[in-house]
Each structure stands twice: as structure tokens, then as C-alpha cells.
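What follows is one structure encoded as C-alpha cells, with my remarks underneath.
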Amino acid sequence: MAVAALEADLAGRARRGLFFPTEAHLSPRDALACLVGELESRNIAIETADGLDFSDNDNEAVLPTEVRKIDCRGLSASDAMQDLRGVKGEMLVIRSADIRLSRPVRLLHPRIPIYLVPRGDGVFMLGATQIESGNRHAASVRSVLELLSAAYALHPAFGEAEILEIGVDARPAFPDNLPRIRRRGDRLYVNGLFRHGFLLAPAMARMTADYLLSGQVPEVMDENLN
Ligand SMILES: Cc1cc2nc3c(=O)[nH]c(=O)nc-3n(C[C@H](O)[C@H](O)[C@H](O)COP(=O)(O)OP(=O)(O)OC[C@H]3O[C@@H](n4cnc5c(N)ncnc54)[C@H](O)[C@@H]3O)c2cc1C
């Protein structure tokens, strides 16, 4: 009953659920485009080049007093941090005109805990697997089958949905899956955002800025070799 009052299309499909009224969600691609637009409107240029050379060891040769580089290369920074690992995540973007959800819906399942996030116009993000692997290039048949089967179990209308995209990447994570800020000489490493990059980014950015501008030591700093 209560489920149906919140999500009419799930009427009869779930007897019980947990409801978090203040839970929020955003569309990451739209959010990033919006942030880039905002920075550009303030004449802040963003250069993108995946091949920037981070191999120089100027931070080891001398130990300067100032941070000159902030390294937030995600999993690529595992060349500098041996305890950083990849946790593979696979997701799909699907479209169905036959089901409407007004908020993210998670399936509490011991093995396949999917979530479906409505993106508007019948588009849903269906995620996500969590596999101990740094492979970020190929979604497996099993993962895609399991994600789609779970969506189908949540509502059979998803059986007729269109598959718009299959996505895969590896999340950067430390052994306890908590984020870190580390200082090594002139370099500040900001990393380990694991499954919560979008959620944690503002707090990590604030801690980074506070450290650089006022010397306030971040609560997530576990190494300070300055
Ligand atoms: C399937 C999936 C679903 C997810 N869902 C969510 C979610 O719902 N909510 C959430 O909060 N998080 C989610 N995440 C996690 C989120 O994507 C990560 O936590 C986040 O991307 C980590 O951010 P990052 O900036 O540290 O690393 P990245 O996003 O990996 O960014 C690192 C950047 O550095 C660049 N780079 C690397 N090397 C160089 C170089 N030498 N020169 C220049 N640039 C370089 C890369 O191109 C990349 O753009 C999900 C992840 C996956 C895989």
C-alpha cells in the first residue's frame, strides 16, 4: 500500500520497502556539463589531456614547502600509491515508456543489489556491479544478464526496454574503501572515492582547499611527507 502510494507502477510488486524522504540524486553527466559551464563563465579554462606526465619525481628530489600539483587521476595514480586498487563496476542505460519511477529504487538483494535511477523521458540508469578487478574495459555477459534479470524481476515491463548503453569502469579504492588525501612533497594526492565520487567530491574539494589555503589538516589525511 505505502509502496504504491509512492511509486504507483510498483503497486503489487513489492510488499515492503524502506523510504528515505530526503534522499537526493543527480544526473552526473548533466552535473559535470553544468559545472564546466559555470567555471567557463568565470573565465576558468579547463584543459583535458589524459597523457599528462606524472612520472617526474620532483617531489622526491626536494621537499618544497608548497603544494604545486594536485593529483586526482583516479585509478591511474596507482603507479604512485600501491594500496590503491580498482573495483570494477558495470551499468546499463535503458529506456522504457511503460514504467514510471519518480525516485531511485533499490532492490535489497543479497547478491544483486541493483538500483534504478530515473533520468527522465523514460530513461533509467541501472547499476551497478561491484567486482574486485581493475578491468575497466569490458562488461561481462554474466553481469549484464544479472543486472537486466534483476530489473525484469522488479517489473516485467523492463523486459521490453531498449538498451541504450552498457558502461564499465573501475572505481579507485583503498583497502578500507575510504577516501584519502596524502601529501608527498609538492604533490597532494586526492583519491579513493570508491562508489561515492559524486557524493564525496564536494567534501574532498573543501578539505583540499582548506589545507592549501589555511593549513587545516584534512580528517582523511593519512600521510604528510612535506
Ligand atoms: C558503474 C559505476 C557506477 C557508479 N555510480 C556512482 C554513483 O551512483 N554515485 C557516486 O557518487 N559514484 C558512483 N560511481 C563512482 C564514481 O564514478 C567514482 O567514485 C569517481 O569517478 C572517482 O572520481 P575520481 O575523480 O577520483 O576518478 P575518475 O573519475 O577516474 O577521474 C580521474 C580522471 O583523471 C584523468 N587522468 C588520468 N590520468 C591522467 C593523466 N596522466 N593526465 C591527465 N588526466 C588524467 C582521467 O581521464 C579521469 O578523467 C560509480 C562508478 C561506476 C564504475
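The values are calculated or read from the model by the stated rules, or taken from the named source; none is laboratory data. What you see is a predicted model, and the numbers here were worked out from it, not measured in a lab. Cβ placement follows ideal geometry from the backbone for every residue including glycine, while neighbour counts extend to all protein chains displayed. Areas reflect the complete protein model, heavy atoms only, side chains present, ligands, DNA and RNA absent. Shrake-Rupley method; radii C 1.70, N 1.55, O 1.52, S 1.80 Å.
At-a-glance table
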{"read-out": "Residue within the range 125-148 that is within 26 Å of Leu101 (Cβ to Cβ), among the hydroxyl-bearing types (Ser, Thr, Tyr) and touching a strand residue (DSSP E or B) at 6+ places or on another chain (Cβ under 6 Å) present", "value": "yes"}
{"read-out": "Count - residues of the range 13-31 that are open to solvent by less than 80 Å² (accessible area, probe 1.4 Å) and part of a helix (DSSP H, G or I)", "value": "2"}
{"read-out": "Among residues of the range 184-194, those that are within 6 Å of the ligand (Cβ to nearest atom) and at pLDDT below 95, counted", "value": "0"}
{"read-out": "Lone unmet requirement of (1) within 30 Å of Thr65 (Cβ to Cβ); (2) exposed (fewer than 14 other Cβ atoms within 10 Å of the Cβ); (3) in contact with a Leu (Cβ under 7 Å, 6 or more places away or on another chain) for Pro179", "value": "(2)"}
{"read-out": "Residue list for the range 105-129, filter: assigned to a loop (DSSP other than H, G, I, E, B) and within 19 Å of Glu146 (Cβ to Cβ)", "value": "Leu107, Leu108, His109, Pro110, Arg111, Ile112, Pro113, Ile114, Ala128, Thr129"}
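Yes/no matrix, rows are residues, columns are (1) at positive phi; (2) buried (at least 19 other Cβ atoms within 10 Å of the Cβ); (3) part of a helix (DSSP H, G or I):
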site	(1), (2), (3)
Leu164	no, no, no
Asp169	no, no, no
Tyr189	no, yes, no
His196	no, no, yes
Leu200	no, no, yes
Leu213	no, no, yes
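Yes/no matrix, rows are residues, columns are (1) basic (Lys, Arg); (2) within 11 Å of Leu92 (Cβ to Cβ); (3) exposed (fewer than 14 other Cβ atoms within 10 Å of the Cβ):
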residue	(1), (2), (3)
Leu108	no, no, yes
Met125	no, yes, no
Gln130	no, no, no
Ala138	no, no, yes
Arg142	yes, no, yes
